[in-house]
Amino acid sequence: MQHLKYILTTIFFIALSAAALAQVRFDNLRHEFGTILWHDVRTATFTLTNTDSASLWIKDVRPDCGCTAVEWTQGIIAPGKSGQLTATFDAELLGHFEKQVAVYTNLAEKPYYLTLSGDVVTELINEAEDYPYHVGDIYIESDNLEFDDVRRGDMPVKSLRVFNAGRQSLEPELMHLPKYLTVTADPQIIRPGRAGRLNFTLNSELLRAYGLTQTSIYVSRFAGDRVSRDNEINVSATLLPEQTYTDAQLAIAPRAELDSTTINMGSMGTKKRLKHDVILTNTGDSPLVVSALQVYNPGLSVKLGKRTLAPGESDKLRITVNATTADFKGRRRVLLITNDPVNPKIVVDVVVKK
C-alpha cells in the first residue's frame with residue numbers, strides 16, 4: 001500500500017510539472033539547419049504562445065555556446081498572445097553540431113530547451129550537378145580545361161573541383177602531364193566525403209608555338225592505372241602572338257571581321273557530315289594575315305581559301321562537322337590567329353543538335 005502511495009505521488013508531481021510547462025507553447029522545440037557552409041551565419045525563429053491566464057514574459061535566454069546569439073520579445077505577452085525568439089548560429093567549427101538554448105520565463109521554474117542542429121562543411125556538394133564526371137570514386141566538375149588568351153611569360157592558374165566519393169582518403173595524381181603544366185592538390189589529401197581542388201599552372205614559356213596547343217592528361221585511380229577515355233581530361237592553351245604597334249601603324253592596321261562567330265549547324269541525324277560557310281573580311285587598311293587556323297575538336301575541319309586578305313577583301317571560311325565530333329572531348333570551336341592588333345584571336349563556336 002505504501003508503494004502504491006509513492007507511485008501516485010510521483011505521477012501527481014510529474015503531471016504538475018507538465019502542466020506548469022504547458023503554460024507556454026512553442027511552435028517548435030527544434031530547428032534543423034541541414035548542411036551549411038563553414039563561417040556561414042544562419043538564423044532560426046521560434047514562436048511561443050502564452051496559454052496561461054496570467055501574463056507571460058521572458059526573463060532570460062541562455063545559449064550553451066558563444067557561437068549562438070539570441071534575441072527575444074521584450075515586455076509582457078498577454079494571455080493568448082504570442083512572441084518570438086530568434087537564435088543566430090555562426091558556423092565556426094566543422095562537423096555535426098547540436099546546440100541548446102535555455103529559455104527562462106516567469107511562469108515556470110524550469111527553462112524550456114530549444115535545440116539547433118546541422119552539419120558544417122567547407123563546400124556544399126551536389127554530386128549530380130557539381131561533379132558530373134566520375135573516375136571511379138573521384139568526382140570532377142569538368143573533363144575539359146582551357147587556358148585562353150595567354151601571352152608569352154604568363155603563368156595562369158586554372159582549378160578543377162574534385163570530390164572524394166569513396167571510403168578511403170584520396171591523394172590525387174595525374175598521368176602524362178606535359179612539361180608546360182604542373183598541378184597541386186588543395187588539400188593534398190582529400191578525406192572521404194570532402195571536396196578539394198586541383199590547381200593547374202601553365203608555364204607559357206614552354207609552349208612551342210603561337211595559337212592552339214592541346215593535350216590529354218589522365219586521372220590516376222590506383223597504382224598502375226592505365227590511360228583511357230574514362231579518366232581523360234582535355235587541356236587546351238591559346239598562346240597569342242606578341243605584337244607591338246605604333247600609333248601610325250594602328251591607324252592603318254588590318255581589321256578581321258566574321259559575319260558570325262556562332263553558327264548553328266542543325267541536327268546531324270544520320271548524316272556523316274555538315275558544312276557551313278562563314279565570311280571573313282578585312283575591313284582595315286593593310287593586309288590581313290591569318291597565321292593560325294585550328295580546331296579545338298578533332299571532329300571538326302576548317303578550310304580558308306586565302307591566308308592573306310587585302311584591304312576590303314573577303315573569303316569563305318568553310319567549317320565541316322563530322323559525325324565523329326561527339327566522340328571527342330572539349331567544345332566545338334574554330335580558332336583564327338591574325339595580325340589584327342585589336343582582335344588577334346577569333347573563335348567560332350559551332351553548335352550541333354543531338
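Of the trypsin sites (Lys or Arg not before Pro) in the stretch 137-185, the ones in a loop by DSSP (not H, G, I, E or B) with at most 16 other beta carbons within 10 Å are Arg151, Arg152, Arg167, Lys179. Thinking of the stretch 86-147 as a set of Cα atoms, what percent of all their pairs are more than 17 Å apart? So the pairs more than 17 Å apart make up 64 percent of the total in the stretch 86-147. On a 0 to 90° scale, report how tilted helix 2-21 is relative to the longest principal axis of the chain, with both axes built from alpha carbons and the result rounded to the nearest 10. Helix 2-21 sits roughly 50 degrees off the main axis of the chain. Distance from the alpha carbon centroid of the stretch 314-337 to that of the stretch 18-89 works out to 62 angstrom.
Computed from the alpha carbon atoms alone, the convex hull of the stretch 221-354 holds 123 Å³ per residue. Taking amide H positions as modeled 1.01 Å from N, with prolines and chain starts lacking one, the residues under 5 Å from Arg30 and 5 or more places away or on another chain are Thr115.
Within the stretch 134-191, none of the chymotrypsin sites (Phe, Trp or Tyr not before Pro) combine a DSSP coil assignment with at most 10 other C-beta atoms in a 10 angstrom radius. 3J(HN,Hα) couplings calculated from phi for the stretch 24-32 with the Karplus curve 6.51 cos²θ - 1.76 cosθ + 1.60 (θ = phi - 60°) are, in sequence order, 10, 10, 9, 5, 6, 9, 9, 10, 9 Hz; Gly and Pro show x. The mean sequence separation of alpha-carbon pairs under 8 Å and at least six residues apart, normalised by the residue count of the chain, gives a relative contact order of 11 percent. Counted over the stretch 218-354, the DSSP beta bridges are approximately 90% antiparallel. If I take every Cα pair under 8 Å that is 6 or more residues apart in the stretch 100-219, average their sequence separation and divide by the length, what percent do I get for the relative contact order? Relative CO of the stretch 100-219 lands at 22 percent. Here the label points at Leu93 and Gln243, each 7 Å from Cα along the C-beta direction, are separated by 6.0 nm in the simple model. When only Cα pairs below 8 angstrom with a gap of at least 6 residues are kept, the stretch 201-253 shows a relative contact order of 39 percent. Of the trypsin sites (Lys or Arg not before Pro) found in the stretch 183-288, those that fall in a DSSP loop while having at most 14 other beta-carbon atoms within 10 Å are Arg208, Arg226, Lys271, Lys272.
3J(HN,Hα) along the stretch 289-294, derived from phi through the Karplus expression 6.51 cos²θ - 1.76 cosθ + 1.60 where θ = phi - 60°, amounts to 10, 8, 8, 9, 9, 9 Hz, with x in place of Gly and Pro. In this label model, Arg167 and Asp154 are separated by 4.5 nm, measuring between points 7 Å along each Cα→Cβ vector.
Charge tally for Val41 (other residues, Cβ to Cβ under 11 Å; Lys, Arg +1; Asp, Glu -1): -2. From the P(r) of the stretch 43-155, can you give the percent of Cα pairs sitting at distances over 23 Å? Pairs farther apart than 23 Å: 55 percent. I'd like the distance between the alpha-carbon centres of the stretch 219-278 and the stretch 144-208, rounded to an integer number of Å. Each part's Cα centre sits 21 Å from the other's. Each DSSP beta bridge with both residues in the chain is either parallel or antiparallel, and the antiparallel ones are about 85%. Cross-link reach is defined here as a Cα-Cα straight distance under 16 Å, omitting same-chain residues fewer than 8 places apart; for Lys110 the lysines meeting it are Lys59. Adding -39500 (n - 2.57) for every DSSP H run of four residues or longer, then dividing by how many residues the chain holds, sets the calculated 222 nm ellipticity at -2500 deg cm²/dmol.
Scanning the chain for GluC sites (Glu not before Pro) in DSSP loops with at most 11 neighbouring Cβ atoms within 10 Å leaves 110-241 as the longest stretch between them.
Any read-out appearing in this document is the output of simple, stated calculations on the displayed coordinates, not a laboratory observation. What you are looking at is a predicted structure, and each value in this text was computed from that prediction instead of being measured. No Cβ is skipped: glycine too gets one built from the backbone with ideal geometry, and neighbour counts run over all protein chains shown.
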